[in-house]
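Input: a single structure, listed below in structure tokens.
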Amino acid sequence: MITNFIKYLHKVFCLFFCLTLSACLDNSKDQEFTILTTTGMLGDAVKNIVKDDVRVVSLMGPGIDPHTYQTTQKDVQQLIHAHIIFYNGLDLEGKMTQLLKKIAKQKKVYAVSDALHTTKLLCDGTIGIDPHIWFDVSLWQEVVGFISQKLQVIRPESAAYYQANTAAYLKTLEELHQSVMNQIQSIPKQQRVLITAHDAFGYFGKAYDIEVVGLQGISTVAECGLNDIKRIVELIVERNIKAVFFETSVSDKSMRAVLEGCADRGHNVAIGGYLYSDALGPPDTLAGNYCGMISTNAATIVNALK
Ligand SMILES: [Zn+2]
């Protein structure tokens, strides 16, 4: 009788212990806590820091152009419900920027470009500051560190976890930076010219020593004109450039006009492929995360220009 009672007590204790333990473990995950990012590149950076600790939502999916993005009613709801918001800044988000600045008065909203010293930003007196900072992996490392620091302060209960994840991810990014450097350097110097639909690759060009020419400026908002097309055709013919590139988040109409212009001049220029410029690829593809996006681009460029 007493033995049975002890066994019963033991069972109750075990059950209580298990429930308490699982409650403690669940405490470290907070699926109600939502971090919202504008671009998929930022969403991927955050996910590599927090893993499955909290929810991460990105507003702009594959193929979406952030410069011309129109905020939807659903986005507004998501922005209101998010606990923290990270956006690129430097006017990448175009019209959404004003809304983000307004929301910043009520909750924690960070422009990740604030992580970078102004001397590291590319600036043209007439066109402003280039927002495509993710294309220099070494700058993106600074952005990841910035995001991680903010999250560690806001969620001290997960700080050690975030710190460890960040350290591992920064190591991966360092390897990626070196790998892209080696790949681009393998293209002979005179063939190292990257012609794209819009000027998204300025930081890429500076970091990995490849000349970059865009049909449109640093934003897709301004249309490209006939003179821009003529200018690029002239450059391709004169310098005997082998290939030009389309972008997944920009219409290929203008670049097709360039190809026609080159054909009229009797110059054969190949389509080097599609580059992921301002948006990640679909989630089930190699370019569905930041590292895959950068390495897919590097491979496309090397294959076409080498
Ligand atoms: Zn862009």
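The values are calculated or read from the model by the stated rules, or taken from the named source; none is laboratory data. Because the structure is predicted, anything quoted here is derived from the model rather than measured. In this analysis, Cβ positions are derived from the backbone assuming ideal geometry, glycine residues included, and neighbour counts consider all displayed protein chains. Quick note on the areas: whole protein, heavy atoms, side chains included, nothing else; ligands and nucleic acids left out. Shrake-Rupley method; radii C 1.70, N 1.55, O 1.52, S 1.80 Å.
Worth pointing out:
- Some residue of segment 283-296 being in contact (Cβ under 8 Å) with a residue 40 or more places away in the chain, more than 20 Å from Ile187 (Cα to Cα), open to solvent by 30 Å² or more (accessible area, probe 1.4 Å) and within 16 Å of the ligand (Cβ to nearest atom): no
- Of the helices (runs of 4 or more DSSP H) lying entirely inside segment 202-306, those containing at least 2 residues that are more than 18 Å from the chain's Cα centre (by Cα) and either of a type in the set (Gly, Ala, Ser) or not assigned by TED's automatic domain parsing to the domain that holds Lys95 (or both) are 226-238, 253-264, 290-305.
- Screening Leu122, Leu99, Leu116 for residues that are open to solvent by 20 Å² or more (accessible area, probe 1.4 Å), of a type in the set (A, V, I, L, M) and free of Cβ contacts under 8 Å to residues at least 40 places away in the same chain leaves exactly one candidate, Leu99.
- Residue, nearest to the ligand (Cβ to nearest atom), within segment 217-245, restricted to residues that are within 13 Å of Gly272 (Cα to Cα) and crowded, with 18+ Cβ neighbours inside 10 Å: Phe245
- The condition of being among the aliphatic types (A, V, I, L, M) and open to solvent by 20 Å² or more (accessible area, probe 1.4 Å) holds for only one of Ala200, Ala207, that being Ala207.
- Residue that is open to solvent by 10 Å² or more (accessible area, probe 1.4 Å) and part of a helix (DSSP H, G or I), where the choices are Ser138, Ser148: Ser138
- Enumeration of residues in segment 79-116 that are more than 16 Å from the ligand (Cβ to nearest atom) and more than 16 Å from Leu42 (Cα to Cα): Ile80, His81, Gln98, Leu99, Lys101, Lys102, Ile103, Ala104, Lys105, Gln106, Lys107
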